[in-house]
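Enquirer: This is the structure, below, for whatever I ask next.
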Amino acid sequence: MNSVSPSAAQYVGGVMQDELVDRGRQQQPMERQGSFGVRPPQTQDASREAAGEPDEMDKLKAKLMSAWNNVKYGWTVKSKTSFNKMSPVTILGHSYLLNSEDEVERFRLAFVSRIWLTYRREFPQLEGSTWTTDCGWGCMLRSGQMLLAQGLLVHLMPRDWVWPESQQLTDVDFEVFRPRSPARAGGVPIPSFGSPRSSSTPEKSLPSSQAPRCSQKKRVHESTKDRQEHIHSRLVTWFGDQPPAPFGVHQLVDIGKGSGKKAGDWYGPSVVAHILRKAVDKTSVVTNLAVYVAQDCTVYKEDVVRLCDRSLNQTSSDPSSQDWKSVIILVPVRLGGEALNPSYIDCVKNFLKLDCCIGIIGGKPKHSLYFIGFQDEQLLYLDPHYCQPVVDVSQINFSLESFHCSSPKKMPFNRMDPSCTIGFYAKNKKDFESLCSAVSEALSSSKEKYPVFTFVEGHSQDYGLEGHSSNHSGPPAHILPPGRLSRSNNRRSSEEFVFL
């Protein structure tokens, strides 16, 4: 596989290249133009220059770009995505054959229940800049947020959790077709995508002897449901667009400064993986969870063990805590040179079939997306390129509707950019061992001579990489013994992978 240096990513005229938009969109007149009026030039004093504050020209450019991007991404063309009812649809380890309304409903609930994080506008100004929106430049940060949010969902909630209020989102924009032939899909969509249960359906009466028992079960169910909804709402607040939010854009941009990034820059999938790791390390709102970022397309198993096994960390041992931390494993990879290598498509499909997979952040060139599944030769994704007003998540009972998407979208595998980051989650040590086995089997499905990435027995320092480690806080396929050097050591650092 080819590595690409940062010099391969170019900026034109010092201004970030616009992300791709659908050809069907038409330009709209700018709204609220009066709020972005040109200020008369002012003299810069020494203290402002010393503080590194943006000058008036930078402020004007930021405001004009914000105005344009708010219009550009503030609306969308309604379109329906077609699904083949004869082929299974896979979403993060679960498959749905859409040949009945019950299966369509299961698929709808599974999709709508994913956390959807998009561009926002009119949030508090990002420190050291004039930006009050991430429209036009923050799509990879938003994709990374969705990846982390999915990891937190499976960490805090049951695997089969669905958002109860998704039943109310009946306007789900997709259709299911029976193909006329293997080469071409067509036909008539099945009639309904709303809730299959009518509120007017009469309920059967129960014998009086069973009524108390059913009432007790109902109370337990309601209590569990309320507790899960509290966790759901609290999780969303962690991604709020206010400075204190631990995984909000303000915190992520601030952490990105350590990687030479600033508000308004475009972030690659590898850089975002490290930003997410640092964000989780920095906060105390999430307990018993660690994030490991693979180095040079290699997961060093002993480094993961050292990160997760509390018994090895005597300085912070807590008798009341669990012996093993749950872990999110992020693997920045490159699936080809300038374009996706078709030999890796089956491998990507097999990743998305795994229960331990929490998705892939990547997209198409200059257009980041969060991939959560596939059907046939098309990827299923959540798109952050929709600018919504900021939501004040500090308010009690704030609306969650804008954090869930009702419009599944697909794109062909061959349009996927080769630079991406793949995410996995293991709740305990046994799950981690199962993850290694399952992912290794998926890696062996690649038709390419070299795997997408490798598992290695041992520590990174066993291979002379102790200075590069970022995660210090026969055998199965692609798991190499410690005495054998992985080919990945000859690769460039994954930090040099650039999303073209």
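The values are calculated or read from the model by the stated rules, or taken from the named source; none is laboratory data. Remember, it's a predicted structure, so these values are computed and weren't measured experimentally. With ideal geometry, Cβ positions are generated from the backbone for all residues, glycine too; neighbour counts draw on all protein chains shown. Only protein heavy atoms, including side chains, enter the accessible area calculation; ligands, DNA and RNA are left aside. Shrake-Rupley method; radii C 1.70, N 1.55, O 1.52, S 1.80 Å.
Enquirer: For PHE193, indicate whether it is at pLDDT below 90 and buried (at least 20 other Cβ atoms within 10 Å of the Cβ).
Expert: yes
Enquirer: Still on this model: Does the stretch 315-322 contain at least one residue that is over 20 Å from SER270 (Cα atoms), modelled with pLDDT of 85 or more and assigned to a loop (DSSP other than H, G, I, E, B)? Talk me through it step by step, then tell me what you get.
Expert: Taking the stretch 315-322 as the starting set, the residues that turn out to be over 20 Å from SER270 (Cα atoms) are 315-322.
The next check asks that each one be modelled with pLDDT of 85 or more; those that pass are none.
Checking the stretch 315-322: not a single residue is over 20 Å from SER270 (Cα atoms), modelled with pLDDT of 85 or more and assigned to a loop (DSSP other than H, G, I, E, B).
Enquirer: Can you spot a residue in the stretch 440-449 that is surrounded by fewer than 16 Cβ atoms within 10 Å (Cβ to Cβ) and within 30 Å of ASP323 (Cα to Cα)?
Expert: yes
Enquirer: Among the candidates LEU369, LEU400, which residue alone is within 19 Å of SER82 (Cβ to Cβ), in contact with a helix residue (DSSP H, G or I) (Cβ under 8 Å, 6 or more places away or on another chain) and among the aliphatic types (A, V, I, L, M)? Working first, answer last.
Expert: Details: LEU400 fails: within 19 Å of SER82 (Cβ to Cβ).
LEU369 is the lone residue from the list that is within 19 Å of SER82 (Cβ to Cβ), in contact with a helix residue (DSSP H, G or I) (Cβ under 8 Å, 6 or more places away or on another chain) and among the aliphatic types (A, V, I, L, M).
Enquirer: Let me ask something else about it. Any residue at all in the stretch 340-353 that is part of a loop (DSSP other than H, G, I, E, B), touching a strand residue (DSSP E or B) at 6+ places or on another chain (Cβ under 7 Å) and not small (Gly, Ala, Ser)? Give the derivation first.
Expert: Step one: of the stretch 340-353, the residues part of a loop (DSSP other than H, G, I, E, B) are 341, 353.
If we keep only those that are touching a strand residue (DSSP E or B) at 6+ places or on another chain (Cβ under 7 Å) too, we end up with 353.
Pick out the ones that are also not small (Gly, Ala, Ser) and you get 353.
Yes, the stretch 340-353 contains at least one residue that is part of a loop (DSSP other than H, G, I, E, B), touching a strand residue (DSSP E or B) at 6+ places or on another chain (Cβ under 7 Å) and not small (Gly, Ala, Ser).
Enquirer: How many residues does the stretch 115-136 contain that are open to solvent by 50 Å² or more (accessible area, probe 1.4 Å) and closer than 30 Å to HIS155 by Cβ?
Expert: So the count comes out to 2.
Enquirer: Considering LEU152, LEU147, which residue is part of a helix (DSSP H, G or I), among the hydrophobic types (A, V, I, L, M, F, W, C) and touching a strand residue (DSSP E or B) at 6+ places or on another chain (Cβ under 7 Å)?
Expert: Working: LEU152 fails: touching a strand residue (DSSP E or B) at 6+ places or on another chain (Cβ under 7 Å).
One residue alone meets the criteria, LEU147.
Enquirer: Output the strands (runs of 3 or more DSSP E) that fall wholly within the stretch 398-495 and possess 1 or more residues being modelled with pLDDT of 85 or more, touching a strand residue (DSSP E or B) at 6+ places or on another chain (Cβ under 8 Å) and closer than 19 Å to LEU307 by Cβ, or say none. Walk me through how you get there before you give the answer.
Expert: Working: elements: 409-412, 419-426, 454-456.
Output list reads 419-426, 454-456.
Enquirer: Please go through the stretch 224-269 and give me each residue that is of a type in the set (D, E, K, R) and either open to solvent by less than 40 Å² (accessible area, probe 1.4 Å) or not in a loop (DSSP other than H, G, I, E, B) (or both), ordered by number.
Expert: Once the filter is applied, which keeps residues that are of a type in the set (D, E, K, R) and either open to solvent by less than 40 Å² (accessible area, probe 1.4 Å) or not in a loop (DSSP other than H, G, I, E, B) (or both), the stretch 224-269 yields LYS225, ASP226, ARG227, GLU229, ARG234, ASP241, ASP254, LYS257, ASP265.
Enquirer: Exactly one of (1) more than 19 Å from ALA426 (Cα to Cα); (2) among the hydroxyl-bearing types (Ser, Thr, Tyr); (3) open to solvent by 10 Å² or more (accessible area, probe 1.4 Å) is unmet by THR287. Its number?
Expert: With (1) more than 19 Å from ALA426 (Cα to Cα); (2) among the hydroxyl-bearing types (Ser, Thr, Tyr); (3) open to solvent by 10 Å² or more (accessible area, probe 1.4 Å) applied to THR287, the lone miss is (1).
Condition check ((1) farther than 23 Å from VAL439 by Cβ; (2) in contact with an Asp or Glu (Cβ under 7 Å, 6 or more places away or on another chain)) across all residues:
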site	(1), (2)
LYS278	yes, no
VAL305	no, no
VAL331	no, no
ARG334	no, no
ASN350	no, no
GLY362	no, yes
TYR370	no, no
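Enquirer: Could you tell me whether LYS325 is over 30 Å from ASN397 (Cα atoms) and open to solvent by 20 Å² or more (accessible area, probe 1.4 Å)?
Expert: yes
Enquirer: Restricting attention to the stretch 365-389, which residues are under 19 Å from ALA273 (Cβ atoms) and in a strand (DSSP E or B)?
Expert: Answer for the stretch 365-389, where residues must be under 19 Å from ALA273 (Cβ atoms) and in a strand (DSSP E or B): HIS367, SER368, LEU369, TYR370, PHE371, ILE372, TYR381, LEU382.
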